[in-house]
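One structure is given below, encoded as structure tokens.
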Amino acid sequence: MAAIFILTMADIMDMLSCLPPAADSGSTTAPPPSSSPSSSPSSSLSGPGGCLYNPKYYSYIAVLALMATTMLVQVSHMVKLTLMLLITGATGIVNIYSWRDIFDRYDMARFQDYSTYLVPSKFTMTIMIFIMMVSFYYFSRHVEKLARTLFLWKIEVHEQKEKVNEMRRWNEALVTNMLPEHVARHFLGSKKRDEELYSQSYDEIGVMFASIPNFSDFYTEESINNGGIECLRFLNEIISDFDSLLDEPQFRCITKIKTIGSTYMAASGVTPDVSNGYSCMKMEEQSDRERWQHLADLADFALAMKVTLMNINYQSFNNFMLRIGLNKGGVLAGVIGARKPHYDIWGNTVNVASRMESTGVMGNIQVVEDCYNILKEYSFRFNGESSSTGEAHSNGLESVTNNGNTVNNNNNNGVSAPPESNNSNSTVDTRKKKRLSQCEEDVIRLIGQHLHDLGLNQTVDLLMHESGCRLEHPSATKFRNHVMEGEWDKAESDLNELKALMHSPSAIVRMKFLLLQQKYLEYLEDGKVLEALQVLRAELTPLKYNTERIHILSGYLMCSHAEDLRAKAEWEGKGSASRTKLLDKLQTYLPPSVMLPPRRLQTLLKQAVELQRERCLYHNTKLDSGLDSVSLLLDHACSRKQFPCYTQQILTEHCNEVWFCKFSNNGTKLATGSKDTTVILWHVDTETQQLKLMKTLEGHAYGVSYLAWSPDDAYLIACGPDDCSELWLWNVQTGELRTKMSQSHEDSLTSVAWNPDGKRFVTGGQRGQFYQCDLDGNLLDSWEGVRVQCLWCLNDGRTMLASDTHQRIRGYNFEDLTDRNIVQEDHPIMSFTVSKNGRLALLNVATQGVHLWDLQDRVLVRKYQGVTQGFYTIHSGFGGHNEDFIASGSEDHKVYIWHRRSELPIAELTGHTRTVNCVSWNPVLPGLLASASDDGTVRIWGPAPFLDVQEADGLNDCSSMDS
């Protein structure tokens, strides 16, 4: 950069040092041409009075300086631009101002015949230099961007390599943890085909089985053990201590094979690269003591396990005992499994070792006679004799060893070859097959499909062959196979065969679109962008179907890697998962006679279970919708003892009539209002479902007849009876009164409803008005001329429902100041409540009882029977799981519970001695119900306690009335 600057300055100084050619004073015109050759224009420019033969030469040098500036590396483009502007500006100023006479004379000498038609050279050269500067700057900027991009790509490639190496290290650690170290090196270090199996034969190894037989007595799934988790945690500590023994140097030749429940299996001599002091010697050169050192180490390991378990017993005050069996001989070792590979050993040696453990005595080690003869050489004592090395036990060895073949046969009973069945087959063939009905064929096809999904393909083939049915059309089977194998061209040709079998030929276009979409996404994931683009342009677009989806698919071309594609497309990626999902979609377009809908049997079973639950009058729990949580062998039935119709607690802290009770939205609190001018807040223990006194809010001069929790349960509003003109807004956490509101002494504020935003509420009464206020009690809006009996705000936050003295419920909109009629009854509406979804309303109608209305369709759905309702204000409510139940108080001192679909009560709860004014169902705990009565008590109802069956049946708190 310094050289460029020096070159530019030298060029400028050289230009400034040149003097213009001699001329007459005050004249810039060239002298008249002479007739002699020596007086030509060229000679005049280079004569004594001239300066330069070609002044453009210096401008070209400036261009060279610009080119040199472009070639600078590791220099910001702003520095290059500054230097270019300096060169261009300096050269342009010299050309236009300092050399203007030189260029003028040069133009007149060179172009004197048509000089009046040309742009002066001083301007053309300056413009040329400027254009070259712009071009060079653009080129320099492009090169810099390209270099930056390559640099970033290089960094990204480096990071990806680091991630790959890190992932490889994790994979190696994971494989080494799953498999023995020498087996893991075989899989990680060699280039092998996926279908290649690992297997290795060993002639002389030791096998040990060690179990804790009395652990099954210790394991329980009671609540004190957290459903058995604490027992499993303790077993994990025992197995982990056994595993830690393998890290000791003397046990380096022992390999853990697996654990089966509380049984520990290990082997010695299967690790070829572990040095035992004799590895340099060939097998035939080693003595028996050297060859079987690993078996002695295995016996030492068994004794160390006993010591470890003894220490655990001492620390945990338990009495676990090991039962151990040892054997030696030849085995076959290998790795099985594709998803979760497992290293295991097989052979008669393993079977005999297992039999040694299962037939042994707790606290002892049982070995075969061959092991007994070998271990004697290593100072082991038998038959209870002790030594410094430890102890072992030999019991009934000769019979077990001599009958080893018998043991092997017994262990193979489960996998023995089936008997010949030629006779049975001939019997079946000669028997006349029964003609199956359509229903029977459908059942067989459903069973076959389910067995096929479980992978029992041979069973399916046998079932279809014997029944004479066909699981699906051959064309559908071929189509399925081609889709699962990703042969998209063949799958498209299969659609032409299926077209004749379909009821709607237009569905072929939709099916083809789904196939091509999968094909397009798999090409993109494989990095075949050109092939994917060809599918998009030449195959998907000509279908002229779902153009919006095609635009979305085209956007996936910009995905930089496969993970980004799967995330944006919400796609599982190339493989069986996405293709199975594709088949599920394609099957919806095919008739059931051609291809059954996916998982049809599970769908029917789920529908049957859900239907049984819906028909169960006492079903009040949220269960898993899957089939794994229920038994298909029994019908679903809930007992009445599981229903909240038994008194769990009686709250007697109020000293007068209790007019209202309401659980908080999160179900952790209960508020009760009474004629004794107090509101009591109760805390609900969600584990024991017991209530404890939390706070007492006092000062309500007229008593409390209505309570409303804010949506976030932070505030509680209390209203009084008809002659009360005040409203109290309490802070639940602090117990402080935030607002005491009264618009006029003539008002009657008997009902209130919160807006869903929790910042506003609406209140009113029977004296002709209701108001919308904020948390400070400031009036926001009002509606005059409405005698309000009860209020409710819908979830839209705009519509307020109000029952009035005209035996109706109207909707009022404070935003556009409109109202409309929703419900019209023939008798006064004493109170009402709305379901969580805002669709249903439950009305307590004077002299009529409880009515259920559909607010959307504005129709009366059901009238519930049994309740005694006069002109007292009684509050009912929805509750239970999914709000399937309805509960209401009654003037006959009872609480009535109905299933929402049944008009007759399913339970009548007795216990109160006066009118039950209000019932509230816990929104979180469906088995918890509260009722408030004029007898001054609040009763908490729940399922039957843990009593004897006869005692539970003898309780008089609940009587059932099934519809």
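The values are calculated or read from the model by the stated rules, or taken from the named source; none is laboratory data. Computed from a predicted model, the values in this text were never measured in an experiment. Don't worry about glycine lacking a Cβ; one is built from the backbone with ideal geometry, like all the others, and counts go over all protein chains shown. What goes into the accessible areas is simple: the full protein's heavy atoms, side chains included, and nothing from ligands, DNA or RNA. Shrake-Rupley method; radii C 1.70, N 1.55, O 1.52, S 1.80 Å.
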Quiz item: Among the residues of the range 727-744, is there at least one that is within 17 Å of residue 831 (Cβ to Cβ) and open to solvent by less than 40 Å² (accessible area, probe 1.4 Å)?
Solution: no
Quiz prompt | Hits in the range 747-780 (condition: of a type outside the set (Phe, Trp, Tyr) and over 45 Å from the mean Cα position of the chain (by Cα)) | solution = 747, 748, 749, 750, 764, 765, 766, 767, 768, 769, 778, 779
Self-check item: Residue that is surrounded by the fewest Cβ atoms within 10 Å (Cβ to Cβ), among those in the range 347-369 that are among the aliphatic types (A, V, I, L, M) and touching a Gly at 6+ places or on another chain (Cβ under 8 Å)
Solution: 352
Quiz item: Regarding residue 726, is this residue closer than 15 Å to residue 773 by Cα and either among the acidic types (Asp, Glu) or without any contact (Cβ under 8 Å) to a residue 24 or more places away in the chain (or both)?
Solution: yes
Quiz item: Out of the range 471-494, which residues are outside any helix (DSSP H, G or I) and without any contact (Cβ under 8 Å) to a residue 24 or more places away in the chain?
Solution: 487
Quiz prompt | One residue from 802, 841 being touching a Gly at 6+ places or on another chain (Cβ under 9 Å), in a strand (DSSP E or B) and in contact (Cβ under 8 Å) with a residue 24 or more places away in the chain | solution = 802
Exercise. Consider only pairs whose beta carbons are under 8 Å apart and that are at least six residues apart or on different chains; among these, list those whose first residue lies in the range 661-680 and is free of Cβ contacts under 8 Å to residues at least 60 places away in the same chain and whose second residue is outside any loop (DSSP other than H, G, I, E, B) and of a type in the set (D, E, K, R).
Key: 671/662; 680/695
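Every residue, every condition in (1) hydrophobic (A, V, I, L, M, F, W, C); (2) open to solvent by 60 Å² or more (accessible area, probe 1.4 Å); (3) at pLDDT 80 or above; (4) within 60 Å of the chain's Cα centre (by Cα), yes or no:
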position: 79; (1), (2), (3), (4): yes, yes, yes, yes
position: 85; (1), (2), (3), (4): yes, yes, yes, yes
position: 89; (1), (2), (3), (4): no, no, yes, no
position: 109; (1), (2), (3), (4): yes, no, no, no
position: 131; (1), (2), (3), (4): yes, yes, yes, yes
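Okay, residues lined up against (1) surrounded by 14 or more Cβ atoms within 10 Å (Cβ to Cβ); (2) within 25 Å of residue 359 (Cβ to Cβ); (3) at pLDDT below 85:
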| position | (1), (2), (3) |
| --- | --- |
| 184 | yes, no, yes |
| 190 | no, no, yes |
| 196 | no, no, yes |
| 220 | no, no, yes |
| 223 | no, no, yes |
| 241 | yes, no, no |
Exercise. Kindly list the number of the only condition in (1) free of Cβ contacts under 8 Å to residues at least 60 places away in the same chain; (2) open to solvent by 60 Å² or more (accessible area, probe 1.4 Å); (3) farther than 17 Å from residue 583 by Cα that fails for residue 447.
Key: (1)
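Here is a yes/no grid of residues against (1) closer than 30 Å to residue 160 by Cα; (2) surrounded by fewer than 18 Cβ atoms within 10 Å (Cβ to Cβ); (3) touching a residue at least 60 places away in the same chain (Cβ under 8 Å):
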residue	(1), (2), (3)
504	no, yes, yes
514	no, yes, yes
523	yes, no, no
530	yes, yes, no
569	yes, no, no
572	yes, yes, no
590	no, no, yes
Self-check item: Test: residue in the range 306-315 that is modelled with pLDDT of 85 or more and not in a helix (DSSP H, G or I)
Solution: no
Quiz item: When you go through 861, 823 one by one, which is the residue that is surrounded by fewer than 17 Cβ atoms within 10 Å (Cβ to Cβ) and modelled with pLDDT of 90 or more?
Solution: 861
Quiz item: Which condition number does residue 826 fail, the rest of (1) out of contact with any strand residue (DSSP E or B) (no Cβ under 6 Å at 6 or more places or on another chain); (2) within 23 Å of residue 763 (Cβ to Cβ) being met?
Solution: (2)
Quiz item: When the residues of the range 313-346 are filtered to those that are more than 44 Å from the chain's Cα centre (by Cα) and within 21 Å of residue 270 (Cα to Cα), which remaining residue is most open to solvent (accessible area, probe 1.4 Å)?
Solution: 328
